[in-house]
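Everything below concerns the one structure shown next.
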Amino acid sequence: MTAVAPASPYWSRAAGEVMAELGASAGGLDSAEAALRLQRHGANTVDGEAQLAAAALLLRQFASPLVQILVFAAIVSLVVREWTDAAIILVIVAGSALLGFVQEYRAGAAVAALRRRLALTVQVRRDGSVRTLPAAEVVPGDVVVLSAGHLVPADGLVLEARDFLVGEASLTGESYPVEKQPGVLPAGTALAGRTNCVFLGTSVRSGSASVLVVATGRGTALGAVAARLQARAPETEFARGIRQFGYLLLRVMVVMVVFVLAVNQMLGRPMIESLLYAVALAVGISPELLPAIVSVTLSRGARAMARGGVIVRRLEAIENLGSMDILCTDKTGTLTAGEMALDASVDAEGRPAEAVLRLAYVNAALETGIENPLDAAIVAAGKAHGLDTEGWTKIDEIPYDFMRRRLTIVVAGREAGAQHLMITKGAFANVLAVCALDAPVRERLESWYREKGGEGFRVLALATRRIAPKPRYDRADESGMTFAGCLLFVDPPKPTAGSIIRDLAALGIRIKVITGDNRYVAAHVAAAIGLDPKAMLTGEQIARLREESLWHLAETTDLFVEVDPQQKERIVRALQRTGHAVGFLGDGINDAPALHAADVGISVDQAVDVARESADVVLLQPDLDVLRRGVEDGRRTFANTLKYISITTSSTFGNMVSMALATPLLPFLPLAAKQILLNNFLSDLPSVAISADNVDAERVASAQRWDVGEVRRFMLVFGLVSTVFDLLTFALLLRVFASDEATFQTAWFVVSVLTELAVVLVLRTHGPALRSVPGRLLAWTTLAVGLFALWIPYAGTLAVAFGFVPLPAHLLLATLAIVAAYMLTVEVAKLPFYRRRR
């Protein structure tokens, strides 16, 4: 909410006036006042990811059309005074709803706890000092301190700024960053022209600033838009598969219900009984616990991944992580040690030169832009040599950007005399481009640079220029410079990088390195870790390629070097265009576009805010082995989700087809409505335990994709196997044992429940069932439900309530023999099914 509602907008008034109206000061609010404002204005958030309140979540369980159908059936039973049937239906509805509620509530709590570990924080002036607080606690009147890599947490007025560039593409669509400065603008200034303001959701590209917060949460310029965008988040492949699967079940359900109702009416059976039976049949084929099972399975997978150092920010990303077959990554910190060390500083002749280190130290120590390990290494080396910035006065800074790839500091004092001294540091080619050099010298320097790159050194160049003082400097002043020398850095490959790449390859994941570094260093690292250094494309080559050509070349290229942020995104989209599920691992400001474009964006806990918030998955360590374990956990989670969907629908589909076919052939209904509902409820109970089931190694060894056609084939093949055995059971009960209605329904209820439980144990693995040990929870839950199904016909009052009668011993043995034969048949049938699939 906005705390200021003045006659004229805040950007058109002096900062002091706005600050007075907000009751704020440059030193920030005190904690007590901030707490009051947080209560008044609410949390500074626009997202809808907050966990549902318990009451709302419980009510949501009854919003399902299937539950409403059951409630309708209970009402019909009450109208016709079938009190027992109505009570049973309502108990089953309540049991299913409570089971779903408990599982979803626990899953939601677990996911919320994981998200809190990655909550965005911000530097806020409170009680006269700068403190780190969750961004959700920022209130109007706070003064926040921003620097390169931060996301802007709220709308605010710039109080102080130094070389402060902000990317506003998320708000205005402008791709270039905008420089922000304190000042007063006309009241009618459009949002894109408000250079004295910052806005929620934008990102700081360089420099630093202090900002007075004037609006938070949904009261911000982006708040309402962000809420709408989130409400219409793009549908994931997993969610789309679930939806298509739902449509498939709906079509089957409608056909079956209409057929059963028509047949029962043709046979002259009671309308109410037929209606209840048809409703129960419809519910029986529907996995009504699917939302709860999916939530439980995904959240359990997220918790398991968190224990291994992988935090999932969006649950749907687990499926994408399991589907990933190409991983694009920078080399620094993932394939290399990520600990830059300055090895040498040399002059233009390649000789050691402390003067070059001294100039580089001044540049690195005084710059206020993007923090990076190269500057940290320069400052550390300078301090080790006793250097400082005393006697130098910073005049201006031309911030680093990803097109120029250099940064300039303008200083006065010491050696500059009456003039100002420009010190420019950056990528070798980009610094050379602004130096006055003749052709032979330029060629010699480039040859030396290639040689050092081939030895694995990362090279930064340094240039200077003395210039007459003036109030402000810009990029045009970076010309006619004197080449001063170079800085050589080392970042050796990780000893484990080669083995991890081989491990990922064994999982069907190919590594592609995308880096802004020069081609020589990248080739050196690639050769050291087992990638092909000749399979390379440079940013310059990519810029000349048409999209169709890039689609073809991206697949066969291991190294993309000297690329800019837009080219990273182009590479990701090219790989997707050729059918790959692409993961992108990045931690910098320039990685955000590619993180958004990838099927699964991956970042690290130490990444800049904009990269971490763009990612779907966050690694607590910048280590590909952590990611490998995360991929395996993701594939286990996805495999278990598919188990529930495939196995449950195939067995229920088979039973429901059996009942539909038997309806016109039997003198009575094969099961009463309440018995169908109990059958469905009991068979769903072990399914909750599938989330903790063991998974075959082969399911983890390759990428998995949602395939509704495969689920449909599975349902038809194994559902019809179930139907064949059901029909054989019908014939045995009627022809051999001459069972009456109650005995028939009891025996087939037991067979139906036991076969649904047994098929889970058989089909949960692609290999022989006896060689694959189920999860402990699944095994014990299945055993408990199976024993309950065998006991209920002898349960006295409970058996009577459901219309069951005790089974004679010979009939009970026959039902167990049918279940054993069914298990053996399914075991045999799955071999050609999975062989064809492979």
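The values are calculated or read from the model by the stated rules, or taken from the named source; none is laboratory data. Because the structure is predicted, anything quoted here is derived from the model rather than measured. As a convention, Cβ positions derive from the backbone with ideal geometry for all residues, glycine included, and neighbour counts pool all protein chains shown. Note: areas computed on protein heavy atoms with side chains; ligands, DNA, RNA excluded. Shrake-Rupley method; radii C 1.70, N 1.55, O 1.52, S 1.80 Å.
Charge dipole of the range 423-562 (Cα centre as origin; +1 on each Lys and Arg Cβ, -1 on each Asp and Glu Cβ, all else neutral): 420 debye, rounded to the nearest 20.
The Rg/Rh ratio of the range 673-799, with Rg taken over Cα atoms and Rh as the Kirkwood radius over Cα pairs, comes to 1.02. When the range 548-626 is described by a simple charge dipole with +1 on each Lys and Arg Cβ and -1 on each Asp and Glu Cβ, the residue from V563, H596, A574 located farthest towards its positive end is A574.
For the range 634-681 versus the range 724-751, the inter-centroid distance based on Cα atoms is 17 Å.
Within the accessible area of the range 556-681, the carbon and sulfur atoms contribute 50%, probe 1.4 Å, all protein chains present. I need the Debye-formula profile for the range 425-472: one equal scatterer per C-alpha, no solvent, reported as log10 I(q)/I(0) at q = 0.17, 0.22 1/Å, two decimals. Per q value, in the given order, log10 I(q)/I(0) is -0.57, -0.83. I'd like the distance between the alpha-carbon centres of the range 180-210 and the range 482-548, rounded to an integer number of Å. Answer, in whole Å: 38. Diffusion coefficient (Stokes-Einstein, Kirkwood radius over C-alpha pairs, 10 °C, 1.306 mPa s) for the range 543-675: 85 µm²/s, rounded to a whole number. For the range 379-523, the spherically averaged projection of the C-alpha convex hull amounts to 11.3 nm².
Pairs from the table (K425/K494; K180/K470; K383/K534; K452/K512) lying more than 30 angstrom apart at Cα are K383/K534.
Taking only the C-alpha atoms of the range 491-576, the Rg (one decimal) and the largest Cα-Cα distance, Dmax (whole number), read 12.9, 38 Å.
Along its principal axes, the range 697-753 has C-alpha extents of 52, 20, 15 angstrom, given from the largest down. Taking amide hydrogens as placed 1.01 Å from N in the peptide plane, the amide H of D599 sits under 5 Å from those of V582, each at least 5 positions away in sequence or on another chain.
Expressed per residue, the C-alpha convex hull volume of the range 742-784 stands at 67 Å³. For the pair the range 562-612 / the range 386-413, the C-alpha centres are spaced 30 Å from each other. Over the range 484-539, the Kirkwood radius and the radius of gyration, each from Cα atoms, give a ratio Rg/Rh of 1.03. Taken about its Cα centre, the range 532-571 carries a charge dipole of about 80 debye when Lys and Arg each add +1 at the Cβ and Asp and Glu each add -1 at the Cβ.
Rg ratio for the range 315-449: its Cα radius of gyration over 2.2 N^0.38 Å, N being its residue count, equals 1.33.
Scoring 184-190, 39-45, 712-718 by mean Cβ neighbours within 10 Å over their residues and listing the highest first yields 712-718, 39-45, 184-190.
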